[in-house]
Amino acid sequence: MISQFFVLSQRGDNIVFRDYRGDVQKGSAEIFFRKVKFWKDDGEEEAPPVFNVDGVNYFHVKVVGLLFVATTRVNMSPSLVLELLQRIARVIKDYLGILNEDSIRKNFVLVYELLDEVIDFGYVQTTSTEVLKSYVFNEPIVIDAARLQPLNPASMFMQGTKRMPGTAVTKSVVANDPGGRKREEIFVDIIEKISVTFSSSGYILTSEIDGTIQMKSYLSGNPEIRLALNEDLAIGTSDYRSSSGSGSVILDDCNFHESVRLDSFDIDRTLSLVPPDGEFPVMNYRMTQEFKPPFRINTLIEEAGSLRAEVILKISAEFPSNITANTIIVQMPLPKYTARATFELEAGAVGQTTDFKESTKRLEWGLKKISGGSEHTLRAKLTFSQELHGNITKEAGPVSLTFTIPMYNVSKLQVKYLQIAKKSSSYNPYRWVRYVTQANSYVARI
Amino acid sequence: MAPPAQSSRYPSPSQPSGKGEVSDLRLQLRQLAGSRAPGVDDSKRELFKKVISYMTIGIDVSSLFGEMVMCSVTPDIVLKKMCYLYVGNYAKVNPDLALLTINFLQRDCKDQDPMIRGLALRSLSSLRVANLVEYLVGPLGSGLKDNNAYVRTVAVMGAVKLYHISASTCIDADFPATLKHLMLNDSDSQVVVNCLFALQEIWNSESSKSEEATREKEGLISKPFIYYLLNRLREFNEWGQCLVLELVAKYVPSDTNENFDIMNLLEDRLQHANGAVVLATIKVFLQLTLSMADVHQEVYERIKAPLLTLVSSGSPEQSYAVLSHLHLLVMRAPYIFASDYKHFYCQYNEPSYVKKLKLEMLTAVANESNTYEIVTELCEYAANVDVPIARESIRAVGKIALQQYDVNAIVDRLLQFLEMEKDYVTAEALVLVKDLLRKYPQWSHDCIAVVGNISSKNVQEPKAKAALIWMLGEYAQDMDDAPYILESLVENWEEDAPEVRLHLLTAIMKCFFRRPPETQKALGIALAAGVADFHQDVHDRALFYYRLLQYDVSSAERVVNPPKQAVSVFADTQSNEIKDRIFDEFNSLSVVYQKPSYMFTDKDHRGPFEFSDEIGNLTVGVESEHEVPATSVDANETSDLLLSTTEKEETRAMVANGSDYTAPLYDSSSRALPSQGQSELAITSLLGTSDPGPQASMAIDDLLMGLDLTAPPAPASAPPSLKLNARAALDAGSFQRKWRELPVAISQECELSSQGAAALTSAQALLQHMQGNSIQCIASGGQSPNFKFFFFAQKAEEPSVFLVECKINTSTAKAQLNIKAEDQSTSHEFSALFQSALSRFGMS
């Protein structure tokens, strides 16, 4: 059972604090924050999501820069608590439209209302946005999204290293549109995070796709939905031989949201469900089948005397030319004794930035856009503060890449159609099916 | 909610007390209280919000209590909810105010709107004020019978809240029985789930006082009830399913068909997107198949893919929780995961707590077919910018080398590390090369060539320096300049850590025996510096060497540098018993912390169905790294946690006695134990270490008794009149003291029922049973068929205690008892009671 739940800002301010059992001291939020903050000083690493201080167990997840924390004295399932914290964040987001410090502060009464229904006396009751609707009466004060997000649109894809990008939908599930009528629409996002490791010779060492089909429904009256995937979709390696050979999509494994019914999944790869309100993953999948990596990276390091070297980075976009990747960041750790780095971009380069991070000795190369089929090169001249000894390739690298490619997915998994049970002949809600590919860990060794 | 009262008591100078604002609010509230003007609710809402926001930031607004309650006489549910929030916050710290609200809440409990009934009831039961319980019973009673499910779910939780304020009121009102009825009959799944939460908590706490509660608690894992829950499983939401699955994992089916039925029913739960549901299901599968080795292995195969999917979906925090469990399974059965090693490769952007787990998994799964690739990957991390991970990676390579038969390639890699010229890489690699040489002396030639090239000036870390010095001493004959390097090291005597100085002394001694003329000078300096050293151990060792040399040089050589056998296995840092306990606590924090729950929770908080014993008090710090010295051949794999305590204490004692050379003594003690085919004898550590003589003889006595089966079996029934205290408490220290002080009152053998012997598959099972008979266990150990326990019990009316040492052999179904009693006159009565309790084990 949960003793307390609280939300802290990055500075450690208490934004929300709810005590359910009264068996953990009140100062727990400060104890927690101090522990997390000074963890690095103790062990040079970040605090794990679960730790114990004086018999109190602290669980936390980071969501949009906020810390969602639960405490308990009981030996609980860590998965359960961490999942719960993530769900609470999602429920709050569903209600407020946008989740951040400001929106929580403006709506704290609503948030407390939610918290009272989600957990009673430390026991989880429900985290379903849909179910909660009937118990929650405050209306959200919607904050202006544009004003609060000065960062570029892709930045929401960059929150955390592994976080699933949220859909761009920032509408509350309960608030009405200015016109008073809700727009009937449904969003289905196929989000794939890819991890690739290239060896120094460019050979693919490991590759994996972690995908999610995420849904957010604003349909009234909870109609049933059918979601059809590729018919030749195979799951598990045992299916491998029976599948129709090349071209088919083979998933290693997948799991489903509890609302999904798989009655006809084995026959025609269709998922049927009555989507609950709010955002939720319909299906998570994992794939290690070979795929064509969207980017190739070439790194060349040339020593020029004992105090200088030149790094040449070349990235080639190996996807169709009608597709464009956004916000590409190439990073490379340089030798510790690098004193200076000067950069030379190719002629006519637009929207590219270069930087040498003095403190971390890291080279950073940003590209706003890369269209399919193109190639880009960066030359960096390094100056060292001490003479080179040994192999420079052991002191630098690996090169890592982050990027987002909208309307592209590497697995070839597709939503063939999205069928909504019709209430009337005129009922034709908006359907948005979107694909996005994102780098999770995209690394080239040198 | 933030603590308002506290901050009002200690007003911070920087924060305005808000007095002006509060009186302002009071005025406005008063104006609105009686008003029936249109839109008045909206203005009230604004005001209420203000009050609550003050409350959250710590301004004391409790003086507005009356006005707030007055304003809440309204059908507006938003207002009511805010008022409840306010009331709930202040009633706890101000019981007088709470009394005021009772009326108001009680009235709302009868409202037409079920939402208001529910909310009022929740607020009423959340007041947590002891003198108000009389007002709570009525509304709770009607709440439990309400025709609206929401009100019932709230009322069920209310009953537990009442139990916490006043257990007797809750029991007297017969709420547990009502809850049980609801649990078995209610149509609403959340009501059923809440009843289960509530009853687990109530019965768990009552079971120490009442046998009925114990029976009820056991009833929760009875076949009919488990089947009832399983049949309704799909109705429950994911959190409810977690609760039910946790319960099912405790259930022991009567035959294998049942096992398979349950697993078939639950198999689709493995595809759930919620990691908590999947892990709870896995726990059921693992527990159900514990006695079916081949099916158990199939379960591992089956759960691999879902676990890996969970690890790679979801937030980093969630994947960490799942990965910890995967880690546990990999450590238990590495061979099953050997082909999945690529999943355990680290990604550059993962947090280091994830990387650490992955490195351990990579180390565990390394076998002949994948070692090359794994080591290649690990070598990449060794050059990592993340220094702690780079270090761990090098250690991982070393561990793999130590567990492999074919270490050719790995040794080359390690030697390459030494040539990388990064200080921390060199340091870690030196330590590893040292360990490697202890296991594979045949590699000395290759290693020494490389080690010889390392300048000792580049090695600063004490551990690494000590390793280098050890190698210099050990292989003095193969390294031309060993005496001279050692000599130069002696010159900086003062600057080195005591650990290094100790090694330096020994290394110089070893070198001296091989190359006396070259080393004599260094030895002289070292002994002189050592004898003058302020560090006790260094001083003592130097003096010891000095006298030894004075006595006889060849004896000195036999003592300091005897021929060594290679180390075959390095001692595991964690005992098997601890690992098994963690495994039994699958899907809990124990897995993440890699400690059994008794090490990090107090007794009241181990959660439902985690039966505890007091062994934890005896084993503080067991989990710390512990390495068996080189000469202790064949480290005892089965050493249990008690054994490791003994070793530790012995080691400490030796060090205190001034000799760091614990190996020979140490060796003899740890070798004597495994020769018995079990490690339980080390329980003698309980008896304290201050007096090792009698202790050792006692262990032998124990042995003899174990063989002596002549004692007559005692009568097993006859209801004894002695009453025991069900909540007896005794800490490990007092137990040890009393055990030392008291004489053995009764020593005899008794028999277990055949069912009892069969049921005793783990020590845990008997502990629960004896606890039910008011006999507590303070330490236990052993594996089938031999178990050993220390129990204690206390008389109900007086503090007089009984202590029992009980050794059970399940294959012969016999138990050997040694009973000590503070009150000797009742020892026979107690013995009869104990034996009758023991004989009933397994009969229920």
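Observations
- Protein-protein interface of region A:199-229, residues with accessible area decrease of at least 20 Å², isolated chain reference, 1.4 Å probe: A:L205, A:T206, A:E208, A:D210
- Local electrostatic count, A:G278, Cβ distance below 13 Å [Lys/Arg +1, Asp/Glu -1]: +2
- Whichever lysines have a C-alpha closer than 17 Å to that of A:K369, once near sequence neighbours (fewer than 8 apart) are set aside: A:K314
- Heavy-atom accessible area for B:S23, with the other protein chains in place and a 1.4 Å probe, reaches approximately 50 Å².
- Prolate/oblate/rounded call for region B:80-178, Cα gyration tensor, a/c under 1.5 rounded: oblate
- Shielding value for A:53-66 is 2, the average number of Cβ atoms from other chains within 10 Å of each residue's Cβ.
- For A:Y442, the amide hydrogen comes within under 5 Å of the amide hydrogens of A:V196, A:L401, counting only partners 5 or more places away or on other chains and with H modelled in the peptide plane.
- Average beta carbon contacts from partner chains per residue of B:825-838, 10 Å cutoff: 0
- Across region B:341-352, coupling constants 3J(HN,Hα) worked out from phi with the 6.51/-1.76/1.60 Karplus curve, θ = phi - 60°, read 4, 5, 5, 9, 5, 7, 9, 4, 9, 7, x, 5 Hz, and Gly and Pro carry x.
- For the pair A and B, the buried accessible area comes to roughly 7500 Å² in total, with a 1.4 Å probe and the value rounded to the nearest 100.
- With every protein chain in place, region B:73-192: carbon and sulfur % of accessible area (1.4 Å): 52
- Relative to the current alpha-carbon distance between B:N148 and B:V73, full extension at 0.36 nm per residue lengthens the span by 24.7 nm.
- Greater than 22 Å apart at Cα, pairs in B:K304/B:K356; A:K336/B:K342; B:K399/B:K434; B:K161/B:K250: A:K336/B:K342; B:K161/B:K250
- In order along region B:739-755, the phi-based Karplus estimate (6.51 cos²θ - 1.76 cosθ + 1.60, θ = phi - 60°) of 3J(HN,Hα) comes to 4, 5, 6, 7, x, 6, 7, 9, 10, 8, 10, 9, 10, 9, 5, 5, 5 Hz; Gly and Pro are listed as x.
- These residues, B:Y546, B:Y341, go from largest to smallest accessible area, 1.4 Å probe, as B:Y546, B:Y341.
- Among the listed pairs B:K579/B:K788; B:K209/B:K807; A:K133/B:K81; A:K26/A:K93; A:K26/B:K50, those with a Cα-Cα distance over 21 Å are B:K209/B:K807; A:K26/A:K93; A:K26/B:K50.
- Threshold 50 Å², region B:288-320 residues less accessible with all protein chains present than alone (1.4 Å probe): B:T309, B:S312, B:E317, B:Q318
- Cβ-based net charge around A:G221, under 13 Å, with every Lys or Arg adding one and every Asp or Glu removing one: -1
- Solvent-accessible area of A:E364 with every protein chain in place, 1.4 Å probe, in Å² to the nearest 10: 50
- For chain A, the longest site-free run once chymotrypsin sites (Phe, Trp or Tyr not before Pro) in DSSP loop states with at most 15 other Cβ atoms within 10 Å are removed: A:1-202
- The residues of chain A expose on average 41 square angstrom of accessible surface per residue, using a 1.4 Å probe on protein heavy atoms.
- Chain A: angle of helix A:108-118 to the longest principal axis, Cα-based, in degrees nearest 10: 70
- Ordered from largest to smallest accessible area (heavy atoms of protein chains, 1.4 Å probe), the residues B:D41, B:D108 come out as B:D41, B:D108.
- Its residue count N sets the reference 2.2 N^0.38 Å, and the alpha-carbon radius of gyration of region B:305-403 equals 1.00 times that reference.
- Counting, for every residue in A:280-289, the Cβ atoms of other protein chains within 10 Å of its Cβ and taking the mean gives 3.
- Applied to region B:368-384, the Karplus parametrisation 6.51 cos²θ - 1.76 cosθ + 1.60 on θ = phi - 60° returns per-residue 3J(HN,Hα) values of 4, 7, 10, 4, 4, 5, 4, 5, 4, 4, 4, 5, 4, 5, 4, 8, 4 Hz, with x for Gly and Pro.
- For q = 0.09, 0.18, 0.19, 0.21 Å⁻¹, Debye-computed log10 I/I(0) when each Cα of region A:1-137 counts as one equal scatterer: -0.24, -1.00, -1.11, -1.35
- Among the trypsin sites (Lys or Arg not before Pro) within region B:180-251, those in coil by DSSP and having at most 16 neighbouring Cβ atoms inside 10 Å are B:K209, B:R232, B:K250.
- Computed on protein heavy atoms with a 1.4 Å probe, the accessible areas place A:L262, B:L436 in the order A:L262, B:L436, largest first.
- Taken per residue, the accessible surface of region B:756-844 reaches 32 Å², heavy atoms only and a 1.4 Å probe.
The values are calculated or read from the model by the stated rules, or taken from the named source; none is laboratory data. Because the structure is a prediction, the values reported are computed rather than measured. Neighbour counts run over all protein chains shown; Cβ positions are idealised from the backbone, glycine included. For accessibility, only protein heavy atoms count, side chains too; no ligands or nucleic acids. Shrake-Rupley method; radii C 1.70, N 1.55, O 1.52, S 1.80 Å.
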